[in-house]
Amino acid sequence: MAYLTKQKINKTIKHLGLEIVGARGDGYFYFCDLENGAQVGESVLVCYLHHNSLEEWKREAEKVREGVCC
């Protein structure tokens with residue numbers, strides 16, 4: 001399994017106008033709007049980025065962009 005980074009996730013979800021924010025081990029990450037920097041949607045409760053696959057991060061971002069509760 002390839003090492004998962006914020007950079008890889010952000011590259012994958014950039015087309016949605018979002019980026020992932022959070023720090024390793026804090027227990028959560030969240031999405032920010034690229035235009036205004038505001039948090040979009042609920043937090044994703046994982047301690048480490050690799051607890052979700054790249055495809056799962058993409059699905060979470062799509063749900064957030066569509067306004068579907070996580």
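The values are calculated or read from the model by the stated rules, or taken from the named source; none is laboratory data. Bear in mind that the values here come from a model prediction, so they are computed numbers and not experimental data. Don't worry about glycine lacking a Cβ; one is built from the backbone with ideal geometry, like all the others, and counts go over all protein chains shown. For the accessible areas, the whole protein counts, side chains as well, though only heavy atoms, and no ligand, DNA or RNA atoms are used. Shrake-Rupley method; radii C 1.70, N 1.55, O 1.52, S 1.80 Å.
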Restricting the range 1-49 to residues that are out of contact with any strand residue (DSSP E or B) (no Cβ under 7 Å at 6 or more places or on another chain) and polar (S, T, N, Q), the residue that is most open to solvent (accessible area, probe 1.4 Å): Q7
Residue tally, condition outside any loop (DSSP other than H, G, I, E, B) and closer than 26 Å to Y3 by Cβ, over the range 43-70: 17
Answer yes or no as to whether L54 is touching a residue at least 24 places away in the same chain (Cβ under 8 Å) and open to solvent by 40 Å² or more (accessible area, probe 1.4 Å). yes
Quick one: in the range 1-25, of everything that is hydroxyl-bearing (S, T, Y) and closer than 13 Å to Y48 by Cβ, which residue is modelled with the lowest pLDDT? Y3
In the range 18-51, which residues are hydrophobic (A, V, I, L, M, F, W, C), touching a residue at least 24 places away in the same chain (Cβ under 8 Å) and closer than 15 Å to K8 by Cα? L18, I20, F31, L49
